[in-house]
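K.L.:
Let me give you the structure first, and then I'll get to my questions.
The values are calculated or read from the model by the stated rules, or taken from the named source; none is laboratory data. In this text the structure is predicted, and so the values were computed from the model without any measurement. When we count neighbours, we look across all protein chains shown, and the Cβ atoms used for this are built from the backbone with ideal geometry, even at glycine.
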Amino acid sequence: MTDDQNWVRIERVLEAPIDTVWQMWTDPDLFRAWYGPKGFSVPVAEMVLKVGGIRKICMQMQAPDRTITMWFTGVFKELAAPNRLHYTESMCDPDGNLLSPAEMGMPPGTPDITEVIVDLTERNGSTIMVMTHVGVPAGSAGEGGWTQAFDKLAGRLAVIARDRSA
């Protein structure tokens, strides 16, 4: 990582056991329930959970005049349950064919492939999650999207904890 900080690093303490947080990242149905910025849904989350396995995600948002749809694909580079996952991420079409950031209206210099690294550590029944997205600049809309997604994740975990204690 360089000094120009072409990466986002977000740390959160989540009130859930590490195994539950791991499942939220790796179980497609659980992932769909929280991923994406506020207002976005995830109708498709496909994951082949092995090093070299493909992941393909579709995020959608209903705007007043149209549905905004964004597809992403990548490859798992590391899966060390329940502590670390590392995958690449690129924009794609619904068939998984890579699209350049310029084709998607992204600013010049946006990399074709970014990398997401999630480190999880359990402490006193909670989980410390550190997510680094290399290729997405700090302070960008991408960072804002991750922050909103992690707010949704915390909310989902609160519902799960409430349901388990009921």
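K.L.:
Among the listed residues Trp71, Trp25, Trp34, identify the single one that is buried (at least 17 other Cβ atoms within 10 Å of the Cβ) and either out of contact with any strand residue (DSSP E or B) (no Cβ under 8 Å at 6 or more places or on another chain) or in a loop (DSSP other than H, G, I, E, B) (or both).
P.N.:
Trp34 is the lone residue from the list that is buried (at least 17 other Cβ atoms within 10 Å of the Cβ) and either out of contact with any strand residue (DSSP E or B) (no Cβ under 8 Å at 6 or more places or on another chain) or in a loop (DSSP other than H, G, I, E, B) (or both).
K.L.:
Given the residues Asn97, Asn83, which is the only one that is of a type outside the set (Gly, Ala, Ser) and within 27 Å of Ala161 (Cα to Cα)?
P.N.:
It is Asn83.
Conditions tested, residue by residue: (1) aromatic (Phe, Trp, Tyr); (2) at pLDDT below 95; (3) within 18 Å of Asp93 (Cα to Cα).
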{"site": "Pro17", "(1), (2), (3)": "no, no, no"}
{"site": "Val21", "(1), (2), (3)": "no, no, no"}
{"site": "Gly39", "(1), (2), (3)": "no, no, no"}
{"site": "Lys56", "(1), (2), (3)": "no, no, yes"}
{"site": "Ala63", "(1), (2), (3)": "no, yes, no"}
{"site": "Ile68", "(1), (2), (3)": "no, yes, yes"}
{"site": "Phe72", "(1), (2), (3)": "yes, no, yes"}
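K.L.:
Which pairs turn up if I take residues in segment 129-156 that are in a strand (DSSP E or B) and look for partners that are among the aromatic types (Phe, Trp, Tyr) with beta carbon separation below 7 Å, at least 6 apart in sequence or on another chain?
P.N.:
Met131/Trp146; Thr132/Trp7; His133/Trp7; His133/Trp146; Val134/Trp7
K.L.:
Report, by residue number, each residue of segment 1-22 that is within 15 Å of Pro82 (Cβ to Cβ) and surrounded by 15 or more Cβ atoms within 10 Å (Cβ to Cβ).
P.N.:
Leu14, Ala16, Pro17, Ile18, Thr20, Val21, Trp22
K.L.:
Going through Thr110, Thr69 one at a time, which residue ends up being touching a Cys at 6+ places or on another chain (Cβ under 9 Å) and more than 23 Å from Thr26 (Cβ to Cβ)?
P.N.:
Selected residue: Thr69, the only one of Thr110, Thr69 that is touching a Cys at 6+ places or on another chain (Cβ under 9 Å) and more than 23 Å from Thr26 (Cβ to Cβ).
K.L.:
Looking at Ile113, Ile128, which is the one that is within 18 Å of the chain's Cα centre (by Cα), at pLDDT 95 or above and either closer than 22 Å to Ile54 by Cα or basic (Lys, Arg) (or both)?
P.N.:
From the options Ile113, Ile128, the qualifying one is Ile113.
K.L.:
Would you be able to say whether some residue in segment 14-22 is within 30 Å of Gly125 (Cα to Cα), of a type in the set (Val, Ile, Thr), out of contact with any His (no Cβ under 6 Å at 6 or more places or on another chain) and assigned to a strand (DSSP E or B)?
P.N.:
No - not one qualifying residue is present in segment 14-22.
K.L.:
What tally of residues in segment 106-120 results from selecting those that are within 26 Å of Ala16 (Cβ to Cβ) and in contact with a Ser or Thr (Cβ under 7 Å, 6 or more places away or on another chain)?
P.N.:
3
K.L.:
Can you find, within segment 1-40, the residue that is farthest from Thr73 (Cα to Cα) among those that are small (Gly, Ala, Ser) and within 13 Å of the chain's Cα centre (by Cα)?
P.N.:
Per the stated criteria, the residue is Ala33.
K.L.:
Can you tell me which residue among Pro82, Pro94 is at pLDDT 95 or above, in contact with a helix residue (DSSP H, G or I) (Cβ under 6 Å, 6 or more places away or on another chain) and not small (Gly, Ala, Ser)?
P.N.:
Exactly one residue qualifies, and that residue is Pro82.
K.L.:
Restricting the search to segment 97-114, which residues are surrounded by 14 or more Cβ atoms within 10 Å (Cβ to Cβ) and either in contact with a helix residue (DSSP H, G or I) (Cβ under 8 Å, 6 or more places away or on another chain) or closer than 19 Å to Ile68 by Cβ (or both)?
P.N.:
Hits for segment 97-114 are Leu99, Pro101, Met106, Thr110.
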